[in-house]
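First the structure, in the form of structure tokens, and then the observations on it.
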């Protein structure tokens, strides 16, 4: 039995057992500095306020944005699960409001070199996350690296964070262009949702989306949907400096209210058939098969 067949059997057995399957949302951006990690963290807080169990998976290899903003330094990462015999619960760090946090660390870079036994162990452990969380938010690196594209190809639900800066818009387009050319990308099995961040008004955010959607629709034929508009907010900047999500530090701030609206918009369409739940085992099995 080859490696891919083994992965299919694990996923099939999970389905037979009628096990819980978490909703996996991947947050990405075409460039750094657009507030991608802020979106991930505050979205997690707002989902917690809805009573959902949330885990953030930090897939931004080499960076530490999530842990810095959370004020929670992880002792372990995915490599400890793969190579040092730890289980999935051992590598979860607890942040504010009991939000779980997993650092991908060097474990992400080594996925392509794993043998069958390691893969089986990894997938079975990741399947446990579906018992621990209702929503898993994957915070990717910024830009068009192979690692980022592989995460996006495996995702059924993608949030693309962009800002009015011309470089952010062009980099968002470049990311979508690279994704559209990826041989494993399935337009019919993935939904890409735009969050316009750091805008002066809702109308500015809407116009940003309209311009991006027009050029993407014309040249790339990839459908986009506007799901959130986050205003420029000095209170958010203060919260970041204090290593606390704005949705916790100042829930009444205009940006915190916008994050609440974003979470509600995502929750409203959670039952759409396109967002069939793969869970973390299915997500990573798809990633590994794509390598």
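The values are calculated or read from the model by the stated rules, or taken from the named source; none is laboratory data. Here the structure is a predicted model, which is why all the values come from computation and not from measurement. FYI the Cβ positions are ideal-geometry reconstructions off the backbone, even for glycines, and counts take in every protein chain you see.
What to note about this one:
- Those helices (runs of 4 or more DSSP H) of the range 125-228 in which at least 3 residues are surrounded by 16 or more Cβ atoms within 10 Å (Cβ to Cβ), touching a residue at least 24 places away in the same chain (Cβ under 8 Å) and out of contact with any strand residue (DSSP E or B) (no Cβ under 7 Å at 6 or more places or on another chain), considering only elements entirely within it, cover 146-153, 166-181.
- Pairs linking a residue in the range 239-250 that is without any contact (Cβ under 8 Å) to a residue 40 or more places away in the chain and at negative phi to a residue that is surrounded by 19 or more Cβ atoms within 10 Å (Cβ to Cβ) and assigned to a helix (DSSP H, G or I), with Cβ atoms under 7 Å and 6 or more positions apart or on different chains, are 239/246; 249/239; 250/239; 250/256.
- Scanning the range 262-291 for residues that are in contact with a strand residue (DSSP E or B) (Cβ under 8 Å, 6 or more places away or on another chain) and either at pLDDT below 70 or over 29 Å from residue 185 (Cβ atoms) (or both) gives 270, 272, 274, 275, 277, 278.
- Residue match in the range 233-241 (condition: touching a strand residue (DSSP E or B) at 6+ places or on another chain (Cβ under 9 Å), more than 18 Å from residue 32 (Cα to Cα) and loosely packed, with under 14 Cβ neighbours inside 10 Å): no
- Check on residue 143, over 23 Å from residue 285 (Cβ atoms) and modelled with pLDDT under 95: yes
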